[in-house]
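Following: one structure in structure tokens, then a few remarks.
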Amino acid sequence: MTRALSLGCAALAVIGLLLLGAQLLFLFPDGLQFGSRAATLMGVAGFVLVRLAAALLGSRRADKLLANLLLLAFTTLLGLTACELALRFAFRDVTTTVDFQSYFTTRWRQGVHLNALGFRDDDIPGTKPERVYRIVVIGDSFTYGQGVETAVRFTERLEAELNSAPCAGIHYDVINLGRPGAETVDHLTILRDIALSQDPDFILLQWYENDVEGDDKSGRPRPMRLLPSDYLTTRLGENSVLFYMLQSRWGALQGALGWLEPYQDYMRRRFEDPLSPASQAATRALEFFFAETADQDIPMGMILFPDPGGQRDLEFLHRRVLDQCREAGIACVDLQDAFAAVANRQSLWASRLDHHPGAEAHRLAADLLLETFAATWRGACVAAGSTLTPAGAPAALSAANAGAGVRKEPAEFVIRIAFQQGHQGQVTGGAGEDPAHQEPPLRKIHQGFQSHQDQRHDKAGQHGSP
């Protein structure tokens, strides 16, 4: 047995060395780097161990020891395989997890279609057809629809509802430019590089509390990994439920023991002070987004998603953006009350392991967006000579369009709309008659934006720099 194992380990080491040599000659992709190194290391270590055992214990005792080790390795592998299969069966209903590189999310992403621009939507015609009213939605993984079918996303619901009734030949085209992990600085880049070239009639920005982080994430708390290799951690996480669960529990244990700063504490440390450099950078990024749409004379609105898990530790960021919308005269739909009215918060999730918005959360978002912006979007029908009432809009909407339920105040107003099933949402905007048609007070923002134009050309190579 020692002879056979020695030959096997030597062959493994040689194969690993050949793979490393081939990689140096660019014959194989970089993904084989870890495998070739591991094969070389295991082959060399196994050969040395076998020869050392034979020299110290003798051939017969070495054979017995090695046989026991092989039996132990086989039993361990069999047990791990059984655990893996059992976990896959137990979590067979899970589509995705909160991160983007787990076994579940990797498997789910295999069925996701991306267009030529890399977004989860149909390909966009080069030129906007006639009699098309185009709404471009920019956002992160919430807009992208992680963990849900394409048809149930709020963007598809909006398009279907707007096109459900005749509208003087007008067709509504809702383009989804959601990108997982995108933040406000990235949204600004998407706006400039992609959205504006699509000839939009309206731009909707989706926001979540971690969109303020920006490019500098050097201080973000990162748990210690179970394994020292980034490559092995990623590959095992993408292909093993057991490893993903162990890695998640290991990170949670570090937090419980105080070894890891909670993410909410990190965010408060950076952003709780509105005058901190991080807070100011986040505020400026959103101001530049507002100014860019105003500079192009394109109406816009926002939709704010609260924490789907119900945590309100970072609600100060939510309020800060609402205040910023009021100051700029931007209509802003707040889903905080709508989500809070749902007794079973988990029913809003994409899966029991993923707090991203599920089908019900997307439905609530679409309903409130329609109640808020349908009058603006249906203005294309009015311009074309149609006087149709927005299809599917609640009766309260017609009254709201006529001015009922609007409480005007100096410099701002708040519209509270009660929608079906008794859920509530909040819309904020600046002074005026219609939150989507006001002239926003953006002069100061424009001044800062215009002075920023020359600087941004110098930074064109920096991804996400506002």
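Bear in mind that the values in this text are calculations on the coordinates, not laboratory data. Note that the structure is a prediction, hence the values are computed from the model and not measured. Cβ atoms come from the backbone with ideal geometry, glycine included; neighbour counts cover every protein chain shown.
With θ taken as phi - 60° and the coefficients 6.51, -1.76 and 1.60, list the Karplus ³J(HN,Hα) couplings across the range 60-74 in order, rounded to whole Hz; mark glycine and proline as x.
Whole-Hz 3J(HN,Hα) from phi for the range 60-74: 5, 5, 5, 4, 5, 4, 5, 5, 5, 5, 5, 5, 5, 5, 5.
Scan the range 209-291 for trypsin sites (Lys or Arg not before Pro) in coil per DSSP, keeping those whose Cβ has at most 11 other Cβ atoms within 10 Å, and list them by number. Could the numbers behind the result be given before it?
Details: sites: Lys217, Arg225, Arg235, Arg249, Arg268, Arg269, Arg270, Arg284; in loops: Lys217, Arg225.
Listed in order of number, the matching sites are Lys217.
Where in the range 225-242 does the label zone of Met42 land, with the point 7 angstrom along Cα→C-beta and an amide N cut-off under 20 Å?
What the label zone holds, given the 20 Å backbone N cut-off, is 226-242.
Give, in nm to one decimal, the length gained when the segment between Ser164 and Arg352 is fully stretched (0.36 nm per residue of separation minus the Cα-Cα distance).
Gain in length upon complete extension: 64.4 nm.
Which order results if His113, His362 are arranged by neighbouring Cβ count within 10 Å, fewest first?
Numbers: His113 9, His362 25.
Neighbour counts put them in this order, fewest first: His113, His362.
With label points built 7 Å along Cα→Cβ from the Cα atoms of Gln311 and Arg220, find their separation and express it in nm.
Spacing of the two 7 Å Cα→Cβ label points: 1.4 nm.
Once amide H atoms are built 1.01 Å from N in the peptide plane, which residues 5 or more positions from Phe202, or in another chain, come under 5 Å H to H?
Placed amide hydrogens put Arg134, Val136 under 5 Å from Phe202.
What distance in nm separates the simple spin-label points at Asn344 and Asp230, each placed 7 Å from Cα in the Cβ direction?
Distance between label points: 4.2 nm.
Between Tyr266 and Arg60, what is the label-to-label distance in nm when each label sits 7 Å out along the Cα-to-Cβ direction?
The answer from the label model is 6.0 nm.
As an exercise, use a Förster radius of 25 Å and the Cβ-Cβ distance of Glu360 and Phe100 to find the FRET efficiency, rounded to the nearest 0.05. Let's see the in-between values first.
Values: r = 22 Å, r/R0 = 0.89.
After rounding to 0.05, the efficiency reads 0.65.
List the residues, sorted by chain then number, that are 5 or more residues from Trp349 or on another chain and whose placed amide H is less than 5 Å from its amide H.
Under 5 Å from the amide H of Trp349 lie the amide H atoms of Gly358, each far enough along the sequence or on another chain.
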